[in-house]
1. By how many nm would the segment from D65 to R187 lengthen if fully extended, with 0.36 nm per residue of separation less the alpha-carbon distance?
2. Going by Cβ distance under 4.7 Å, what cysteines of the chain have no possible disulfide partner?
3. Accessible area per residue, 1.4 Å probe, Å², for segment 1-82: what's the number?
4. Name the residue, out of P32, P57, P169, whose mean-square fluctuation peaks in a Gaussian network model built on the chain with Cα pairs under 10 Å.
5. Check the chain and count each lysine pair with an alpha-carbon distance under 27 angstrom, considering only pairs eight or more places apart or from different chains.
6. For the chain, give the percent of accessible area contributed by carbon and sulfur heavy atoms, probe 1.4 Å, rounded to a whole number.
Amino acid sequence: MERAMKLVVLGRDGVINRFREEHVASPNEWEPLPGALEAVARLNHAGWHVVVATNQPGLGTGLLDMAGLNSVHQHMNQSLARHGGRVDAIFICPHTASDLCDCRKPAPGLLLKIGERFGVSLHEVVVVGDTVRDLQAAQAAGCEPHLVRSGRSGHLSADEAEALAAQVPGSLVHADLDAFTSYLVKRSRVRDGTGRAGYTDPK
């Protein structure tokens, strides 16, 4: 029996790279969080496909342009490759809150598009973000929500983060993408029994 694709959807700012109050408009402003690039590689090596879903309202306000955003993502992809990792696709919402679109998180539109593109059942998709909006989008799409305390939730204590995540029932909290990856890979090995493809997570 063919196994379903294992798919993780990550937010970008605050999950893979440091969150900036100003938009990340150029490659030199993009700074990976400690252990994040290695975490993506570990997910890949454990058989997970990784997709990024990110709100980029700077496109809608004119503070960003697509050329600049593409250069940031090219830099991100090159940085991932140097660590043996990759993302399969990047889905972007360019709208501002006032646009009332269906793709700006907490709306589920980006996740619905990802499910359609990859032909996966969304209830099997894992979503990782650093805000309650990410969790709400995951819940609305029927995905499994996870919060990391590495970006906009980084100032929260463990108890405060748990309280925030409790706004979206079923959400789990992790210190950062590295900790989430350790959790997910370990859980996958347990569910698979012998471990998928003989992979042993170094953590």
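The values are calculated or read from the model by the stated rules, or taken from the named source; none is laboratory data. Because the structure is predicted, anything quoted here is derived from the model rather than measured. Positions of Cβ are generated from backbone atoms using ideal geometry, with glycine treated the same way; all protein chains shown enter the neighbour counts. SASA here: full protein model, heavy atoms, side chains in, ligands and nucleic acids out. Shrake-Rupley method; radii C 1.70, N 1.55, O 1.52, S 1.80 Å.
1. Numbers: separation 122, 0.36 × 122 = 43.92 nm, distance 3.98 nm.
That works out to 39.9 nm of additional length.
2. C101, C143
3. Values: 3660 Å² over 82 residues.
With the other protein chains kept in place, segment 1-82 gives 45 Å² per residue.
4. In this elastic network of the chain, the residue with the biggest mean-square fluctuation among P32, P57, P169 is P169.
5. 6
6. Numbers: 4880 of 9590 Å².
Taking all protein chains in place, the chain shows 51 percent carbon and sulfur surface.
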